[in-house]
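Structure first, commentary second.
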Amino acid sequence: MAYLLALVCLVILQSLEFMYQASDLMERFPFFLKLFDPLIVMMPFCIFGYIRAIQGDNALNKAGDWWLHAAPMILVAALAIPFWSMPGELKVHWMFKGRIAESLWQPITLYGNSYLAVIGASSLFYWWLQRKKGINTRKAAVREWVGHLQLIQLIIAASLTIRILVYFVFGESFSVAFVLAPTTAYLTYLLLTHAHPPMHIQRTAPVPLASKESAKQNNPTLVDETDITLFKELGNAMERGLFRESALTLRVLAETCGTTTHQASAAINLCTGSNFYEWINGYRIKAACEALKDTRHSVTEICYEVGFNSKSTFNTAFRKQVGCTPTQYRKKHSSQ
(Lines give C-alpha, C1' and ligand atoms only; values in the text may rest on other atoms or scores of the structure.)
Protein backbone atom coordinates (compact mmCIF):
# COMPACT_ATOMS: atom_id res chain seq x y z
CA MET A 1 0.00 0.00 0.00
CA ALA A 2 2.92 2.34 0.62
CA TYR A 3 4.05 2.05 -3.00
CA LEU A 4 0.53 2.66 -4.30
CA LEU A 5 0.09 5.65 -2.01
CA ALA A 6 3.43 7.08 -3.15
CA LEU A 7 2.47 6.58 -6.79
CA VAL A 8 -0.87 8.33 -6.33
CA CYS A 9 0.83 11.24 -4.53
CA LEU A 10 3.37 11.63 -7.35
CA VAL A 11 0.63 11.62 -10.00
CA ILE A 12 -1.27 14.30 -8.06
CA LEU A 13 1.92 16.29 -7.59
CA GLN A 14 2.63 16.15 -11.33
CA SER A 15 -0.92 17.34 -12.09
CA LEU A 16 -0.57 20.24 -9.66
CA GLU A 17 2.74 21.17 -11.27
CA PHE A 18 1.03 21.39 -14.70
CA MET A 19 -1.60 23.71 -13.23
CA TYR A 20 1.07 25.76 -11.46
CA GLN A 21 3.13 26.32 -14.61
CA ALA A 22 0.05 27.11 -16.73
CA SER A 23 -1.08 29.91 -14.39
CA ASP A 24 0.37 33.14 -13.09
CA LEU A 25 1.39 31.32 -9.91
CA MET A 26 4.66 30.41 -11.65
CA GLU A 27 5.62 34.09 -11.87
CA ARG A 28 4.33 34.96 -8.40
CA PHE A 29 5.98 32.03 -6.64
CA PRO A 30 8.95 30.91 -8.77
CA PHE A 31 10.50 29.03 -5.85
CA PHE A 32 8.56 25.87 -6.77
CA LEU A 33 9.80 25.72 -10.39
CA LYS A 34 11.25 22.26 -11.12
CA LEU A 35 11.42 21.62 -7.40
CA PHE A 36 9.59 18.31 -7.61
CA ASP A 37 11.26 16.89 -10.73
CA PRO A 38 13.51 14.54 -8.72
CA LEU A 39 10.45 13.03 -7.06
CA ILE A 40 8.38 12.66 -10.25
CA VAL A 41 11.05 10.47 -11.90
CA MET A 42 10.45 7.88 -9.15
CA MET A 43 7.04 6.90 -10.55
CA PRO A 44 8.42 3.92 -12.55
CA PHE A 45 10.11 2.65 -9.40
CA CYS A 46 6.85 2.89 -7.43
CA ILE A 47 5.21 0.58 -9.98
CA PHE A 48 8.15 -1.86 -9.78
CA GLY A 49 8.17 -1.75 -5.97
CA TYR A 50 4.44 -2.55 -5.92
CA ILE A 51 4.96 -5.46 -8.33
CA ARG A 52 7.60 -6.94 -6.04
CA ALA A 53 5.54 -6.27 -2.90
CA ILE A 54 2.45 -8.17 -4.10
CA GLN A 55 4.75 -11.15 -4.60
CA GLY A 56 6.09 -10.91 -1.04
CA ASP A 57 9.44 -9.41 -2.10
CA ASN A 58 11.05 -6.22 -0.80
CA ALA A 59 12.58 -4.11 -3.57
CA LEU A 60 14.63 -2.22 -0.96
CA ASN A 61 15.96 -5.22 0.92
CA LYS A 62 19.67 -4.34 0.62
CA ALA A 63 21.61 -1.13 1.06
CA GLY A 64 22.82 -1.35 -2.54
CA ASP A 65 19.20 -1.48 -3.72
CA TRP A 66 18.50 1.88 -2.12
CA TRP A 67 21.31 3.55 -4.10
CA LEU A 68 20.33 1.81 -7.34
CA HIS A 69 16.70 2.86 -7.21
CA ALA A 70 17.49 6.36 -5.95
CA ALA A 71 19.98 6.99 -8.80
CA PRO A 72 17.47 8.75 -11.16
CA MET A 73 16.29 11.03 -8.35
CA ILE A 74 19.87 11.86 -7.31
CA LEU A 75 20.86 12.58 -10.95
CA VAL A 76 17.93 14.93 -11.57
CA ALA A 77 18.46 16.69 -8.21
CA ALA A 78 22.19 17.16 -8.82
CA LEU A 79 21.61 18.63 -12.28
CA ALA A 80 18.86 20.91 -10.91
CA ILE A 81 21.17 22.67 -8.43
CA PRO A 82 22.26 25.40 -10.94
CA PHE A 83 18.61 26.20 -11.67
CA TRP A 84 17.53 26.14 -8.02
CA SER A 85 20.33 28.57 -7.10
CA MET A 86 19.10 31.21 -9.59
CA PRO A 87 17.02 34.24 -8.58
CA GLY A 88 13.28 33.86 -9.14
CA GLU A 89 13.23 36.20 -12.14
CA LEU A 90 15.84 34.12 -13.97
CA LYS A 91 13.94 30.90 -13.25
CA VAL A 92 10.83 32.32 -14.88
CA HIS A 93 12.94 33.68 -17.76
CA TRP A 94 14.38 30.28 -18.61
CA MET A 95 11.03 28.55 -18.28
CA PHE A 96 9.57 30.90 -20.91
CA LYS A 97 12.64 30.35 -23.11
CA GLY A 98 12.09 26.62 -22.88
CA ARG A 99 8.45 27.02 -23.88
CA ILE A 100 9.47 28.81 -27.06
CA ALA A 101 12.03 26.15 -28.01
CA GLU A 102 13.91 23.59 -25.98
CA SER A 103 17.11 24.57 -27.82
CA LEU A 104 16.95 27.95 -26.04
CA TRP A 105 17.14 26.30 -22.62
CA GLN A 106 20.61 27.07 -21.22
CA PRO A 107 20.93 25.79 -17.61
CA ILE A 108 22.43 22.33 -17.16
CA THR A 109 19.16 21.33 -15.46
CA LEU A 110 17.29 18.56 -17.26
CA TYR A 111 14.42 20.03 -19.24
CA GLY A 112 11.97 18.79 -21.86
CA ASN A 113 13.15 15.75 -23.79
CA SER A 114 16.21 15.12 -21.63
CA TYR A 115 14.02 15.00 -18.52
CA LEU A 116 11.46 12.77 -20.21
CA ALA A 117 14.26 10.46 -21.37
CA VAL A 118 15.17 9.76 -17.74
CA ILE A 119 11.60 8.70 -16.94
CA GLY A 120 11.32 6.63 -20.13
CA ALA A 121 14.66 4.91 -19.52
CA SER A 122 13.65 4.16 -15.91
CA SER A 123 10.38 2.60 -17.05
CA LEU A 124 12.20 0.42 -19.56
CA PHE A 125 14.84 -0.55 -16.98
CA TYR A 126 12.24 -1.61 -14.41
CA TRP A 127 10.32 -3.56 -17.05
CA TRP A 128 13.55 -5.44 -17.85
CA LEU A 129 14.45 -5.92 -14.18
CA GLN A 130 11.03 -7.42 -13.40
CA ARG A 131 11.34 -9.76 -16.40
CA LYS A 132 14.74 -10.84 -15.10
CA LYS A 133 13.50 -11.50 -11.57
CA GLY A 134 10.41 -13.36 -12.77
CA ILE A 135 7.10 -13.87 -10.98
CA ASN A 136 7.35 -15.60 -7.62
CA THR A 137 3.77 -16.70 -7.17
CA ARG A 138 1.52 -19.54 -8.26
CA LYS A 139 -1.65 -17.42 -8.23
CA ALA A 140 -3.03 -16.81 -11.71
CA ALA A 141 -4.66 -13.52 -10.63
CA VAL A 142 -1.34 -12.09 -9.42
CA ARG A 143 0.42 -13.21 -12.60
CA GLU A 144 -2.22 -11.47 -14.69
CA TRP A 145 -2.00 -8.28 -12.64
CA VAL A 146 1.81 -8.20 -12.89
CA GLY A 147 1.43 -8.51 -16.65
CA HIS A 148 -0.83 -5.45 -16.72
CA LEU A 149 1.61 -3.44 -14.60
CA GLN A 150 4.51 -4.49 -16.83
CA LEU A 151 2.55 -3.27 -19.84
CA ILE A 152 2.07 0.10 -18.13
CA GLN A 153 5.86 0.44 -17.83
CA LEU A 154 6.21 -0.26 -21.56
CA ILE A 155 3.41 2.19 -22.46
CA ILE A 156 5.14 4.96 -20.47
CA ALA A 157 8.51 4.24 -22.12
CA ALA A 158 6.98 4.04 -25.61
CA SER A 159 4.91 7.23 -25.18
CA LEU A 160 7.91 9.27 -24.04
CA THR A 161 10.08 7.84 -26.82
CA ILE A 162 7.50 8.85 -29.42
CA ARG A 163 7.33 12.36 -27.97
CA ILE A 164 11.12 12.71 -28.16
CA LEU A 165 11.25 11.41 -31.74
CA VAL A 166 8.46 13.74 -32.86
CA TYR A 167 10.41 16.70 -31.47
CA PHE A 168 13.67 15.82 -33.22
CA VAL A 169 12.07 14.78 -36.52
CA PHE A 170 9.25 17.32 -36.86
CA GLY A 171 10.26 19.98 -34.34
CA GLU A 172 6.90 19.64 -32.57
CA SER A 173 6.80 19.85 -28.77
CA PHE A 174 3.62 19.01 -26.87
CA SER A 175 2.70 18.71 -23.21
CA VAL A 176 3.52 15.65 -21.15
CA ALA A 177 -0.18 15.56 -20.27
CA PHE A 178 -0.85 14.39 -23.83
CA VAL A 179 2.11 12.01 -23.73
CA LEU A 180 0.71 10.25 -20.69
CA ALA A 181 -2.79 9.95 -22.20
CA PRO A 182 -2.24 6.30 -23.31
CA THR A 183 -1.19 5.40 -19.78
CA THR A 184 -4.26 7.10 -18.34
CA ALA A 185 -6.51 5.32 -20.86
CA TYR A 186 -5.06 1.93 -20.00
CA LEU A 187 -5.36 2.55 -16.26
CA THR A 188 -9.01 3.52 -16.79
CA TYR A 189 -9.57 0.30 -18.71
CA LEU A 190 -8.05 -1.73 -15.85
CA LEU A 191 -10.25 0.07 -13.34
CA LEU A 192 -13.41 -0.63 -15.31
CA THR A 193 -12.60 -4.29 -15.98
CA HIS A 194 -10.98 -5.39 -12.73
CA ALA A 195 -12.37 -3.24 -9.92
CA HIS A 196 -15.23 -4.50 -7.76
CA PRO A 197 -16.94 -1.32 -6.52
CA PRO A 198 -19.54 -1.63 -3.76
CA MET A 199 -23.10 -1.77 -5.03
CA HIS A 200 -26.09 -0.16 -3.39
CA ILE A 201 -28.99 -2.51 -2.73
CA GLN A 202 -32.42 -1.01 -2.16
CA ARG A 203 -33.79 -2.35 1.10
CA THR A 204 -37.35 -2.49 2.34
CA ALA A 205 -38.45 -1.35 5.78
CA PRO A 206 -36.98 -3.62 8.47
CA VAL A 207 -39.24 -6.33 9.87
CA PRO A 208 -39.25 -6.75 13.67
CA LEU A 209 -36.94 -9.61 14.59
CA ALA A 210 -39.58 -11.45 16.64
CA SER A 211 -42.11 -11.35 13.78
CA LYS A 212 -39.46 -12.46 11.31
CA GLU A 213 -38.34 -15.41 13.38
CA SER A 214 -41.93 -16.42 14.08
CA ALA A 215 -42.79 -16.38 10.37
CA LYS A 216 -39.75 -18.49 9.50
CA GLN A 217 -40.58 -21.03 12.19
CA ASN A 218 -44.07 -21.43 10.71
CA ASN A 219 -42.64 -21.64 7.18
CA PRO A 220 -38.93 -22.66 7.12
CA THR A 221 -38.70 -22.08 3.35
CA LEU A 222 -39.68 -18.42 3.67
CA VAL A 223 -36.93 -16.08 2.44
CA ASP A 224 -37.30 -12.30 2.21
CA GLU A 225 -37.04 -10.62 -1.18
CA THR A 226 -34.29 -8.49 0.34
CA ASP A 227 -32.26 -11.61 1.15
CA ILE A 228 -32.78 -12.94 -2.38
CA THR A 229 -31.66 -9.65 -3.93
CA LEU A 230 -28.60 -9.50 -1.72
CA PHE A 231 -27.74 -13.14 -2.41
CA LYS A 232 -27.85 -12.43 -6.16
CA GLU A 233 -25.39 -9.58 -5.66
CA LEU A 234 -23.10 -11.83 -3.63
CA GLY A 235 -23.34 -14.48 -6.34
CA ASN A 236 -22.48 -11.92 -9.03
CA ALA A 237 -19.31 -11.05 -7.11
CA MET A 238 -18.40 -14.74 -7.05
CA GLU A 239 -19.09 -15.10 -10.78
CA ARG A 240 -16.67 -12.26 -11.44
CA GLY A 241 -13.97 -14.42 -9.88
CA LEU A 242 -13.78 -12.99 -6.37
CA PHE A 243 -13.70 -16.54 -4.93
CA ARG A 244 -10.19 -16.95 -6.39
CA GLU A 245 -8.81 -14.57 -3.76
CA SER A 246 -7.29 -16.80 -1.08
CA ALA A 247 -7.61 -14.01 1.49
CA LEU A 248 -11.34 -13.59 0.84
CA THR A 249 -13.39 -13.20 4.00
CA LEU A 250 -17.05 -12.58 4.68
CA ARG A 251 -16.20 -9.00 5.60
CA VAL A 252 -14.40 -8.37 2.27
CA LEU A 253 -17.30 -9.87 0.33
CA ALA A 254 -19.83 -7.78 2.28
CA GLU A 255 -17.88 -4.54 1.69
CA THR A 256 -17.57 -5.38 -2.03
CA CYS A 257 -21.35 -5.65 -2.28
CA GLY A 258 -22.10 -2.66 -0.05
CA THR A 259 -23.67 -4.53 2.85
CA THR A 260 -22.79 -5.72 6.36
CA THR A 261 -21.26 -9.06 7.36
CA HIS A 262 -24.43 -9.94 9.30
CA GLN A 263 -26.71 -9.32 6.32
CA ALA A 264 -24.40 -11.18 3.94
CA SER A 265 -24.13 -14.17 6.28
CA ALA A 266 -27.90 -14.28 6.79
CA ALA A 267 -28.57 -14.16 3.02
CA ILE A 268 -26.13 -17.01 2.36
CA ASN A 269 -27.52 -19.16 5.17
CA LEU A 270 -31.15 -18.61 4.18
CA CYS A 271 -30.66 -19.06 0.42
CA THR A 272 -28.24 -22.01 0.47
CA GLY A 273 -28.62 -23.65 3.86
CA SER A 274 -24.83 -23.60 4.26
CA ASN A 275 -22.29 -21.20 5.72
CA PHE A 276 -19.98 -18.76 3.96
CA TYR A 277 -16.97 -21.07 3.58
CA GLU A 278 -18.98 -24.01 2.28
CA TRP A 279 -20.64 -21.68 -0.22
CA ILE A 280 -17.42 -20.19 -1.65
CA ASN A 281 -15.81 -23.63 -1.70
CA GLY A 282 -18.60 -24.67 -4.03
CA TYR A 283 -17.42 -22.05 -6.55
CA ARG A 284 -13.80 -23.04 -6.03
CA ILE A 285 -14.46 -26.75 -6.52
CA LYS A 286 -16.54 -26.05 -9.63
CA ALA A 287 -13.69 -24.02 -11.11
CA ALA A 288 -11.22 -26.72 -10.11
CA CYS A 289 -13.28 -29.39 -11.88
CA GLU A 290 -13.30 -27.36 -15.07
CA ALA A 291 -9.54 -26.80 -14.85
CA LEU A 292 -8.86 -30.49 -14.19
CA LYS A 293 -10.82 -31.43 -17.32
CA ASP A 294 -9.79 -28.63 -19.67
CA THR A 295 -6.17 -27.74 -18.74
CA ARG A 296 -2.83 -29.47 -18.21
CA HIS A 297 -2.07 -27.54 -15.02
CA SER A 298 -0.94 -29.61 -12.07
CA VAL A 299 -3.30 -30.25 -9.15
CA THR A 300 -1.16 -27.98 -6.96
CA GLU A 301 -1.34 -25.10 -9.46
CA ILE A 302 -5.11 -25.48 -9.75
CA CYS A 303 -5.43 -25.57 -5.97
CA TYR A 304 -3.92 -22.10 -5.61
CA GLU A 305 -5.52 -20.69 -8.76
CA VAL A 306 -9.04 -21.34 -7.47
CA GLY A 307 -8.35 -19.74 -4.08
CA PHE A 308 -7.30 -22.47 -1.64
CA ASN A 309 -4.41 -21.78 0.72
CA SER A 310 -3.17 -25.36 1.03
CA LYS A 311 -3.38 -28.57 -0.95
CA SER A 312 -4.64 -30.58 2.04
CA THR A 313 -7.60 -28.22 2.50
CA PHE A 314 -8.29 -28.41 -1.22
CA ASN A 315 -8.24 -32.21 -1.25
CA THR A 316 -10.55 -32.42 1.78
CA ALA A 317 -13.09 -29.98 0.33
CA PHE A 318 -12.91 -31.61 -3.10
CA ARG A 319 -13.51 -35.12 -1.74
CA LYS A 320 -16.38 -33.84 0.40
CA GLN A 321 -18.21 -32.25 -2.56
CA VAL A 322 -17.23 -34.52 -5.46
CA GLY A 323 -16.69 -37.85 -3.71
CA CYS A 324 -13.13 -38.46 -4.95
CA THR A 325 -9.71 -36.80 -5.02
CA PRO A 326 -8.75 -34.26 -7.70
CA THR A 327 -6.31 -36.75 -9.23
CA GLN A 328 -9.00 -39.45 -9.43
CA TYR A 329 -11.42 -36.94 -10.95
CA ARG A 330 -8.92 -35.99 -13.66
CA LYS A 331 -8.19 -39.64 -14.51
CA LYS A 332 -11.88 -40.43 -14.68
CA HIS A 333 -12.67 -37.58 -17.06
CA SER A 334 -9.54 -37.94 -19.17
CA SER A 335 -10.51 -41.53 -19.98
CA GLN A 336 -14.02 -40.51 -21.13
### Message
Below 8 Å between Cα atoms, with a sequence gap of 6+, how large is the relative contact order for segment 275-336 in percent?
### Response
32 percent
### Task
About the Cα centre of the chain, how large is the charge dipole given +1 on each Lys and Arg Cβ and -1 on each Asp and Glu Cβ? Please answer in debye to the nearest 20.
1320 debye
### Acute angle (nearest 10 degrees) that the helix 63-84 long axis makes with the longest principal axis of the chain, alpha-carbon atoms
40 degrees
### Given charges at Cβ of Lys, Arg, Asp, Glu: the chain dipole, positive-most of A70, Q55, F170
Q55
### Task
Can you tell me how much longer the chain between A158 and K320 gets when fully stretched, taken as 0.36 nm per residue apart minus their C-alpha distance, in nm with one decimal?
53.2 nm
### Summary
Two pseudo-spin positions, 7 Å from Cα along C-beta at F96 and at K293, lie apart in nanometres by 7.4 nm
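Between T184 and F29, what length in nm is gained on full extension when 0.36 nm per residue of separation is reduced by their alpha carbon distance?
Once the chain is fully extended between T184 and F29, it gains 52.9 nm.
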### Query
If you stretched the chain out fully between Q106 and W66, how much longer would it get, using 0.36 nm times the residue separation minus the C-alpha to C-alpha distance?
11.2 nm
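Using only helices, what value at 222 nm comes out for the chain when you add -39,500 (n - 2.57) per DSSP H run of length 4 or more and divide by the total residues, to the nearest 500 deg cm²/dmol?
Values: 18 runs with 236 residues, N = 336.
Mean residue ellipticity, 222 nm, calculated: -22500 deg cm²/dmol.
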### Message
Using DSSP to call loops (not H, G, I, E or B), can you name the GluC sites (Glu not before Pro) in segment 70-174 whose Cβ has at most 15 other Cβ atoms within 10 angstrom?
### Response
E172
### Query
Each label point is 7 Å from the Cα along the Cα-to-Cβ direction; what then is the distance between the points at L151 and A121, in nm?
2.8 nm
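Might you report the magnitude of the Cβ-based charge dipole of segment 12-141 about its Cα centre, with Lys and Arg at +1 and Asp and Glu at -1, to the nearest 20 debye?
Dipole magnitude for segment 12-141 comes out near 660 debye.
Looking at segment 237-336, which trypsin sites (Lys or Arg not before Pro) are DSSP coil and have at most 10 other C-beta atoms within 10 Å of their C-beta?
Listed in order of number, the matching sites are R296.
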### Summary
Scoring only Lys, Arg, Asp and Glu (+1, +1, -1, -1) among other residues with Cβ under 15 Å from the Cβ of D65 yields +3
#### Entry: Whether segment 19-83 is rounded, prolate or oblate, judged on the alpha carbon gyration tensor where a/c under 1.5 counts as rounded
oblate
#### Entry: Exposure ranking of L116, L4, L60 by accessible area [1.4 Å probe, largest first]
L4, L60, L116
### Message
As an exercise, identify the trypsin sites (Lys or Arg not before Pro) in segment 30-97 lying in DSSP coil whose Cβ has no more than 11 other Cβ atoms within 10 Å.
### Response
K62
### Task
Compute the long axis of helix 276-294 from its Cα atoms, compare it with the longest principal axis of the Cα atoms of the chain, and write down the angle in degrees, 0 to 90, nearest 10.
80 degrees
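The values are calculated or read from the model by the stated rules, or taken from the named source; none is laboratory data. Computed from a predicted structure; not experimentally measured. Quick reminder, even Gly has a Cβ in these numbers, built from the backbone with ideal geometry, and neighbours come from all protein chains shown. For accessibility, only protein heavy atoms count, side chains too; no ligands or nucleic acids. Shrake-Rupley method; radii C 1.70, N 1.55, O 1.52, S 1.80 Å.
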